[in-house]
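Working notes, structure below.
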Amino acid sequence: MKRVKRGTALLLGICMIFITACGAGGERGETDRAMGRYVENRLEFPLEDNTPSTMLQRSDGTLDVLYTKYTEDSSDPVTGFTRYHSADGKKWDEETLKWTLPPESFLSRVAYDRQDKAYVMALRYGEGDLDAWLFRENGEGVLERMDIDLKDETGSPMNIAMLGTMQIGENGNIFIEQRGRGVSEYGTNGNFIRFYSSGEMGDSSGFVLSGDKIYVLDTVGSGVLCYSTEDGRLVQNIAFDGFSDYSIIGGGSGGTVYISGRTGIYRLNAGGSMWEKLVDGSLTSLAMPSIYFSDFIEGPDGSFYLMGGDGGNTAQLYQYVYDPDIATLPEKELVVYTLRENAALRVAAGEFLRDHPDTRVNIQTAMDGDSAATAADMIRTLNTELLSGKGPDVLLLDGMPVDSYVEKGVLTDLSHLIKEIAKSEKLNETVLNTYKNKDGIFAVPSRFRMPALFTEENLAGDLTGLEALAALAESHPDKPLIGDKSPGNLMNILFASCAPAWISDGQIDEDGLREFLETVKKIADTPAKSYGTENEGKTGQFSVGSGVRGVSVGKQNNNEDLLHWAFGRALAYSRELRGYGSLSASVLALRHVENSTVIHMPGQAENVYIPCGILGVNAKSEMKDSAEDFVKLLLSEPMQTAEDGEGFPVSMAAQKALVDSVDEDVYIGMGGSGTETENESLEGGMPEPKEKEIFMKLCNSVKTPYTADETLAEMIMNEAKGYFTGEKDLEKTVADITEATKLYLSE
Amino acid sequence: MTFIAPSLIGVGIFVLLPFLDVARRSFMDSFGRRFTGLENYAKVWENDAFRLAAGNTVKFAVVCIPALVISALLLAAAVQGLPRGRDGFKTCFLLPLAVPAASVVLIWKILFHENGLIGNILLDLGWAPVDFMGSNAAFWILVVSYLWKNLGYDMILWMAGLSGISRDLYEAASLDGAGPVKRFFYITLPNLAGITFTICVLSLLNSFKVFREAYLVAGEHPHTSMYMLQHLFNNWFTDMDMEKLCAGAVLMAAVIFGLILLLQKAWGEEE
């Protein structure tokens, strides 16, 4: 019995040892070598700088692309149509169509019947309503109007504004989608036959006909509803869990149904209920958030075609062809880590894969919105990985202890990379050198933001610092400096432009802090009314922005303050500028106020900027070369030109391109919702190059980085509250702040 | 030995070996690549945050453990002497131990927040509301929380000790004219010496668990009065100051180990 016990104990001990030795094994950087996958090819449409109106497929599987010709006459711009035909997406044959539409109308939808005759839906903006006409192409290629009674499922006239896709059935019946509701079927003489619902809570966003079935995409219900077109009966409800921000349903040969979206292209065989993933979106441009796809077509050779564009005037034809000789998954994996979702990384991942087909980019987002974990929890998990030598290859360091990582040797020196890039591209050296020390450059900001002040030119000239700001406020007792001049809002606005002057090397300079608090109180105590009734007479909201380790200046979309300034109730307006794409509202205000300008936010520090998109390469990465290539890609002009709302680019060429770019035909407007502002609004076109130049000058004149973190800022603001409510005097406040932050800074 | 071998091997692999690695890293740089000698210990010893945290932790232990041990003993003696309802009282006193930390934190916030229940009561009485968690009162709230949570547990342990004392001793003492107080000091306490050591050690270890509530309520940087060693270690981990973290952990372990040895010498050997 003793021997049995001893043996059992020994066995258990050995088992425990082996269990602890079990691990994932293998080396990172190499993956399994199954072969064959769909490869993406980008083809050009026949016309450059012109997006096709639609892409269609003929009955023989070949492609047609339609272009609408426009004139300068804005009242009736459509002058004709051109069709380009191709069998492979590479060589196109041109044909001018004989189609004419009613005056002042435009092309909405086009579909082919089995004889490749076109059905065209045209719309026109009437008086407060949309008019719709349906045309059918006759034997001579001329459009003939069809009578059609557009109805919804209740028999009421259809909401024309919600017209979705249109297809023609094998029997010539016409199927027209009502976005969000379902699909209506009409006979060859335009009579309403029946309605196919996308479910009670459904949100239809496309449908496809296949034989005697219709498949309606229901994104809310997370599936596809299959109806019989013979009797309208619901045949099948097929679940689908690959939905993304957009999904396109398309049909193929043999009754197959396809869905494509950011996650990839999926196939459902006729009569089946399981979706097969054919194309992995993460390995193609499908996952890139900057590209929007439409018009899915299965080619005659089994390849797939999609039209993709960035929302501007250019579109490309994306072709997906199966290559049996290429690895199913790229051999190597580059791991990129970010605390929060970052669109620029996704775009860069797609571009990187194109240039490095053997390397897959795996973007790990620590806080993906569903997680309840805090940033600190995620950083600790990351630190565990870094300490064991298994961390990610590239780190987006926003919100992380950059200085600590640099000091501990977690990151590799990128000086040589910056030098290499500087040979071919001019970069903003001030921003790039933010984290430079005597040993090199270990972290590189790829973007930056700027606290800015909008005011009249004659006032801006004297605003050389914080005292000047207070002097301006005191000299105008009838108007507040900023619309909401509560101490909380002022602290938020001024913190970034002042803190760098009195927080450095883990110390707080009490004199600088004293001056800051005194000045904020001076401005807050000026007699002028503070707008925002909930803050009147109170301290306001002392809040610190989340995300980047830095203070979010003021309220992010404080359009109320903008309107107070634009309509003369305040002396100035402040905003944290986050790139050329975020300037629209500010430019509208600049146009409205005569002789107005924008300057760096005056403060105790000069020309402050907030670095973001901070990149670093793990010193222990096994993919260092690829990691550096990825960083290089993110700093390259094409990537820097993409507007992601994160900040201004460090690439000067990208800056110039963004300043010179013109968004015609886009009209913007903003209005107020507060007591004083509810009837006020500003409208106009997008910012023009000349208007954007002033912002470029600000970008090129940045000097002082703001890199203090949220925790410190929050401590200071919490202790400062009592000073503004009168509970304690200035000296006590400064002493309390020093005491409260001493512990944090001494850690 | 055979019987405890699996546990011993498990503890050895998951606790002792990692601790030995921690001790090794306390003499190296953050990544364990370069030997730094006693530099890390010097850094930790001179660090103001460590001194404050260590001071608070010692203060907490010095205040809480005697209070807990003594009040749990008195409670155990009282409950032991009840003719009826002993089990009901045991259950009531043990319930706080079963309450999850997150629920305790919720109650804390409801009671002690500046705009909480107590704050509103103070306001109704004409006094200014107090931000308990942002003042020196935070330390005493932590003490109360610790006592409330662990009183039942220690009481059960004391009751186990009390039930091990022979009734004959009490009878003999009563016959000799000893009153309840004399019986308590001359019979009960000496016979509880052995278990006193166990209870003190367990109370000491449980005192570190109060960090959970403190962290959930006040975050990574609470008021200085409740800033404990675990807060500091937690923050050092976030900033990857592993060398300081390891040195601090070794110091803390050495102090606790020394304390346990002292307690064992005082009470453990008299068993």
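The values are calculated or read from the model by the stated rules, or taken from the named source; none is laboratory data. Being a predicted model, the structure only gives us computed values, none of them experimental. Here the Cβ is made from the backbone with ideal geometry for all residues, glycine too, and neighbour counts use every protein chain on show. To get the accessible areas, we keep the full protein, side chains included, count just its heavy atoms, and leave off ligands, DNA and RNA. Shrake-Rupley method; radii C 1.70, N 1.55, O 1.52, S 1.80 Å.
Under DSSP H, which helices of chain A have Cα atoms covering 24 Å or more of the helix axis and a Kyte-Doolittle average no less than -1.0?
Working: long enough: A:2-21 (29 Å, 1.05).
Taking the DSSP H segments of chain A (at least 24 Å long, mean hydropathy at least -1.0), we get A:2-21.
Put a dot 7 Å past each Cα toward the Cβ at A:D625 and A:D116; how far apart are the dots in nm?
5.0
Bin width 5 Å, origin at 0, all Cα-Cα pairs of region B:205-271: what percent of pairs per bin?
4, 15, 19, 19, 18, 10, 7, 5, 2, 0
What does the helix-only formula give at 222 nm for chain A: each DSSP H stretch with n ≥ 4 adding -39500 (n - 2.57), the total divided by the residues, and the result rounded to the nearest 500 deg cm²/dmol?
When only DSSP H runs of four or more count, the value is -8000 deg cm²/dmol.
Considering the alpha-carbon set of the protein assembly as shown alone, what are its Rg and its Dmax in angstrom?
Cα only, the protein assembly as shown: 36.1, 128 Å (Rg, Dmax).
Heads up, I need the accessible area for A:S290: 1.4 angstrom probe, whole protein in place, Å², nearest 10.
40
What's the percent breakdown of Cα-Cα distances in region B:164-222 across 5 Å bins, shortest bin first?
P(r) over region B:164-222, rounded to whole percents: 4, 16, 16, 12, 10, 9, 8, 8, 8, 5, 4, 1.
Leaving out same-chain residues fewer than 8 places away, which lysines sit with a Cα under 21 Å from that of A:K98?
Cα-Cα hits under 21 Å: A:K69, A:K117.
How big is the Kirkwood radius of region A:117-253, worked out from every pair of different alpha carbons and given in Å to one decimal?
Details: mean 1/r = 0.0644 Å⁻¹.
One decimal place: 15.5 Å for the Kirkwood radius.
In Å² (nearest 100), what accessible area is buried between A and B, both sides summed, heavy protein atoms only, 1.4 Å probe?
For A against B, buried area totals roughly 2600 Å².
Can you send over the solvent-accessible area of A:H416, 1.4 Å probe, protein chains only, in Å² to the nearest 10?
Estimated to the nearest 10 Å², A:H416 gives 90 Å².
Return the Rg/Rh ratio of region B:135-245 with Cα-based radii and a Kirkwood Rh.
Values: Rg = 20.7 Å, Rh = 17.1 Å.
For region B:135-245, the value is 1.21.
Cross-link list A:K390/A:K624; A:K419/A:K632; A:K620/B:K43; A:K332/A:K620; B:K209/B:K244; A:K485/B:K109: which exceed 20 angstrom alpha carbon to alpha carbon? Could you put the intermediate results ahead of the total?
Values: A:K390/A:K624 13 Å; A:K419/A:K632 11 Å; A:K620/B:K43 27 Å; A:K332/A:K620 16 Å; B:K209/B:K244 22 Å; A:K485/B:K109 31 Å.
Result: A:K620/B:K43; B:K209/B:K244; A:K485/B:K109 exceed 20 Å.
If each DSSP helix of 4+ residues adds -39,500 (n - 2.57) and the sum is divided by the residues in chain B, what number results at 222 nm, nearest 500 deg cm²/dmol? It would help to have the intermediate numbers written out before the result.
Numbers: 14 runs with 188 residues, N = 271.
Mean residue ellipticity, 222 nm, calculated: -22000 deg cm²/dmol.
Principal axis lengths of region B:21-86 from Cα atoms, whole Å, largest first?
Sorted largest first, the three principal extents are 67, 25, 13 Å.
Check each of the trypsin sites (Lys or Arg not before Pro) in region A:70-165 and keep only those in coil by DSSP with at most 10 other C-beta atoms within 10 angstrom; list them in order.
Listed in order of number, the matching sites are A:K91.
Write down the Å³ per residue value for the convex hull defined by the alpha carbon atoms of region A:287-365.
Working: hull volume 8.5 nm³, N = 79.
In region A:287-365, the Cα hull volume divided by residue count equals 108 Å³.
Looking at region A:154-263, which trypsin sites (Lys or Arg not before Pro) are in a loop (DSSP not H, G, I, E or B) and have at most 14 other Cβ atoms within 10 Å?
Those that pass, being in a loop and sparsely packed, are A:R233.
Measure out, as a whole number of angstrom, how far apart the alpha-carbon centroids of region A:157-174 and region A:204-282 sit.
Each part reduced to its Cα centre gives a spacing of 18 Å.
If you roll a 1.4 angstrom probe over the protein chains with everything in place, what fraction of the accessible area of the protein assembly as shown belongs to carbon and sulfur, to the nearest %? Let's see the in-between values first.
Values: 25510 of 47460 Å².
Carbon and sulfur together cover 54 percent of it.
Taking the solvent-accessible surface of protein heavy atoms with a 1.4 Å probe, what is the per residue accessible area of the protein assembly as shown in Å²?
Ligands and nucleic acids excluded, the figure is 47 Å² per residue.
Of A:V520, A:M686, A:T51, which is farthest along the charge dipole of chain A in the positive direction, counting Lys and Arg as +1 and Asp and Glu as -1 at C-beta?
A:V520
Suppose accessible area is computed on protein heavy atoms with a 1.4 Å probe; arrange A:D525, A:D116 from highest to lowest.
Greatest to least solvent exposure: A:D525, A:D116.
According to the Cα gyration tensor, what semi-axes, each the square root of 5 times an eigenvalue, does the equivalent ellipsoid of region B:48-270 have, listed from largest to smallest in whole Å?
Semi-axes, largest first: 36, 25, 14 Å.
Within region B:50-85, which trypsin sites (Lys or Arg not before Pro) sit in a loop by DSSP and count at most 16 neighbouring Cβ atoms inside 10 Å?
Answer by residue number: B:R84.
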